[in-house]
Amino acid sequence: MSNVVEKMQRTVGSVSEKNPLGLAIGALAVGFLAGLAAPVSELERKTVGPLRDDLIARAKSAGSDAIEHGKQVLQEKAKAVLDAAQHRNGAA
């Protein structure tokens, strides 16, 4: 058990040295997801509910937009690669 803990400590230490911003963003994301998974009290539902719903809707929209943009970029890159390969085969 202690070997597993030591290995995890070394891994986290290595990641934090190589990419501290990525580690911070990952920790923030984990905390955000944990907060979403936690049960909501009636007081929270009344006071924060509408804001939460708006944020979730915006996040879904932004996620959809990002996916669509990613698809478009991948299609453009794939077409460029195919065009380059065809040009190379035609030139050979």
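Nothing in this text is a laboratory measurement; each read-out follows from the coordinates by a stated rule. What you see is a predicted model; the values in this text were computed from it and never measured.
Against the chain, whose longest principal axis is taken from its Cα atoms, helix 42-91 shows a tilt of about 10°.
When averaged across all projection directions, what area in nm² does the alpha-carbon convex hull of the chain cover?
Working: hull surface 46.5 nm².
Averaging across all directions leaves 11.6 nm² for the Cα convex hull.
Against the main long axis of the alpha-carbon atoms of the chain, helix 2-18 sits at an angle near 60°.
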